[in-house]
Structures are given as C-alpha cells and as structure tokens.
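The values are calculated or read from the model by the stated rules, or taken from the named source; none is laboratory data. Since this is a predicted model, take the numbers as computed values, not measurements. Here the Cβ is made from the backbone with ideal geometry for all residues, glycine too, and neighbour counts use every protein chain on show. Each accessible area value is taken on the protein alone, full model and side chains, heavy atoms only, with ligands, DNA and RNA left out. Shrake-Rupley method; radii C 1.70, N 1.55, O 1.52, S 1.80 Å.
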Amino acid sequence: MPAFDTNEYKTRVANLQALMDRAGMEALFVLGEANMNYLTGYDGRSDYVPQAALITLDSDTPRLILREMDIHCATSTCWLPEASIIGYEEALIAKRGASPWPRLAELARQSTGTARIGCEMTATGFGVLQHGEFVSALGVEALQNADGMVARLKKVKSPQEIAYQEEAAVIVDQAMREGIEAIAEGVRESEVAGIIMRRLCTGTEEIAGGPTKNPTMPVAPVANAPHLKWSDRRYSAGLQTNFEIGAFRHRYCCALSRTAFLGKPPDRLHDVHAAVLEGFEAAFALLRPGQTCGAVARAFSSAFEPHGIRKASRIGYSLGIDWTDGGASLQSDDETELVPGMVLHLIIGIWEREEGYVLSETVKITADGPVSMTTLPRMPFII
C-alpha cells in the first residue's frame, strides 16, 4: 500500500509541475529512485536497471516506466492506476548489444510529443553512454538539467513524513544503545553489527523496522575512517568505535551517531568531545526559522575552531527518503533559509589523520525552534 494519502502524492506532483512550468519544461524524467518514491510511492528498490517516472504538464498522474517484472512492485506500493504503469521487455536486460534506454524513450514518446524535456542527469546508472542513447532515441537536441528540482520540494516535510521519521527515531535510539552495550573484550565486531541490524530491521514492540543500510562503525585506536563498516576482528581494550546508523520507516530515515571507547580512553578523546559538544550545541541552538544553513555552520565554527581541532567537512544536511535528500546543506556558503518542517542531520564528524570522533542527531525545525528526535545522551560512551 502507498505510504501516504493519494492527495498528498497529487500535491507533490502539482508542486513539481509548477517548478517545471517556470523552468520551461513540458515533460520531466525523474530517474532517482528516492524521487520516484516521493512522487508515486514506488518501493521496488530496483535502480540497478533503467527506470523512470515521467511527469508531464498535461496530466496530474505520472507514468512509471519499469522493467517488466517490476510492474508487480509498483501495483502493490504506488497510488497510480495500472494504465500508468508501463513495463519494458525483459529481453533488454543484460543483453549484449542492446539497451533499455531507447525503449524507455520510445515508450515516453507515446505519452508526450514535446521537445522541452527535463531529466535528472546524475541519477544512478545514467552515464554518458546511456545519456547519448536516450537523447538520440527521444529525437531531441538536448535535455534540460533537472537535478535538484525534486529535492527542492522534499526540503520541507509534511506532518506524516515527520511522523515516520519520529517512529524511526525510537528504533535508532534503541539500536544504538544495544550496539554499545554489546561491546566487550573478545566480542567480534560482526556480532555488534548484527545486534544493531536486528534492531533496525525488527523495530520495537510498537513500531516495525524497515529495510536498512549497513551501520557505519570503524573500529580502531583512532576510528577516523568515516565510511568503514565492521570487520571480522574481535574487540580488545584500547579500541574506539564511531557509530553512524539510521533506522527507516517507509524509507524515511532517522540517523544517529555516537563514539564508544573500550577501556581507558586517552585524555585527548575528552578534549575532542568537549570541542565537538560546544560546536554542536552552538549549531543546534541556531536551527530556527529565519536562520540560514550558512549561519548555523558559522555558529559551529565560532564555537569549535578556538579548540584548535581541524574539521574540513560540513556539519549536516537535509534528511528524508533513503537518508540524504538534498535541498539544504549545513555549510558556510549555503544560505538556504530554515523553515518549520525541515529535518536535518546535524553531524559533527572528525575524520582527520590524528583525530576521530562523531556526534550526531536528527533535528526537526519547528516554529518554536529545534527539536532532537532522539534521546541518547550527548557523551562518549566509555566501556
């Protein structure tokens, strides 16, 4: 079943059509699966093959163009009538000398004859070769770049979207607690990861978990590698773990990060935490309507930089379907205005040669200011 009321999907489509009209587009190919899900509810998780949602100005109903077998994924998850779900032949999959992209173009031409076509240019699997095949088969000189267009709409969440993220928050809080509690000398890293994954998938007694991403959890004396997962090693004293995990409800994410240390940590870890916490709280306090992403980033820097610790990466981003969803970035040169209904992952990650630490929370912007969706204490966990 679709995750939202049909009227909410139709409103999203109408808002996108307004952006298209202003950009001079009469048709738009949405290729990113998270964006396809946002507009139609499609939940097939099949973006390893060509697929698209086609939006036109002359219809309030998108058309889904999918691999034939994935039609069954669409009919059970999206709000579209079956006549708007179109499948292309299985014979085009992994066939030497053949490509589904010309077929997608042919099917699209049956729905629209315009040459004013936009497309998400940097979607998964849409490289230079695929772009050339698609444009040639469409019979147009060029496609308009529509990257970021749907992200502008996803920036502000509806009450139901936020409700899903708040449900995910309950799960991710529990998963983080259980993962940290499982750390002990002799325990394999994979066991800790498994405990976290189980909670993310099963959820709680009241809230079911959903398909999830693998936890990020580098384990080392200085756990400064930002995107490593677990290994087959066993824990011993002196090892630090930097957790970054996310729980999902109907693809909507709530993310959370904390650092844990097994044994007596070096004094430097407490110094880094103090700097991170001061910067985090300065940024958090400014996550209010009327402020900008840049102002939040600058508030963090003003509090953090006097500690003399290097941090080159940004401090957060808009969070939604499938984790990041574009539309806002917490960095000094992004002047996106904060408004109620935005949800941001405020993440202070130190990923430097001699330093490793992470602290993050998912924060919703309300008329009264920022609200963290999770409850875990803002501290390093010493085991």
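Where in the range 327-375 are there strands (runs of 3 or more DSSP E), lying wholly inside it, with at least 1 residues that are under 17 Å from residue 163 (Cα atoms) and open to solvent by 30 Å² or more (accessible area, probe 1.4 Å)?
Answer list for the range 327-375: 356-366, 369-372.
Filter the range 18-35 down to residues that are in contact with a strand residue (DSSP E or B) (Cβ under 8 Å, 6 or more places away or on another chain) and open to solvent by 30 Å² or more (accessible area, probe 1.4 Å) and give me whichever is nearest to residue 324 (Cα to Cα).
23
For the range 295-309, state whether one or more residues are open to solvent by 10 Å² or more (accessible area, probe 1.4 Å) and more than 25 Å from residue 355 (Cα to Cα).
yes
Just need a number here: residues in the range 188-228 that are outside any helix (DSSP H, G or I) and within 30 Å of residue 309 (Cβ to Cβ).
The qualifying residues number 16.
Would you check which residues across the range 261-290 are among the charged types (D, E, K, R), out of contact with any helix residue (DSSP H, G or I) (no Cβ under 8 Å at 6 or more places or on another chain) and either in a helix (DSSP H, G or I) or open to solvent by less than 30 Å² (accessible area, probe 1.4 Å) (or both) and list them?
Across the range 261-290, the qualifying residues are 267, 268.
Could you please find all residues in the range 311-324 being assigned to a strand (DSSP E or B) and open to solvent by 10 Å² or more (accessible area, probe 1.4 Å)?
317, 323, 324
Within the set of pairs 6 or more residues apart or between chains, which connect a residue that is at pLDDT below 95 inside the range 48-71 to a residue that is of a type in the set (Val, Ile, Thr) with Cβ atoms less than 6 Å apart?
none
Please count how many residues of the range 138-181 are within 18 Å of residue 197 (Cα to Cα) and open to solvent by less than 60 Å² (accessible area, probe 1.4 Å).
12
I'm trying to understand the selection: among the residues of the range 36-54, which are crowded, with 21+ Cβ neighbours inside 10 Å, hydroxyl-bearing (Ser, Thr, Tyr) and closer than 23 Å to residue 138 by Cα?
Hits for the range 36-54: nothing passes.
Being in contact with a Phe, Trp or Tyr (Cβ under 6 Å, 6 or more places away or on another chain), on the phi < 0 side of the Ramachandran plot and not small (Gly, Ala, Ser) is true for just one of 258, 233. Which residue is that?
Just a single option satisfies the conditions, and that option is 258.
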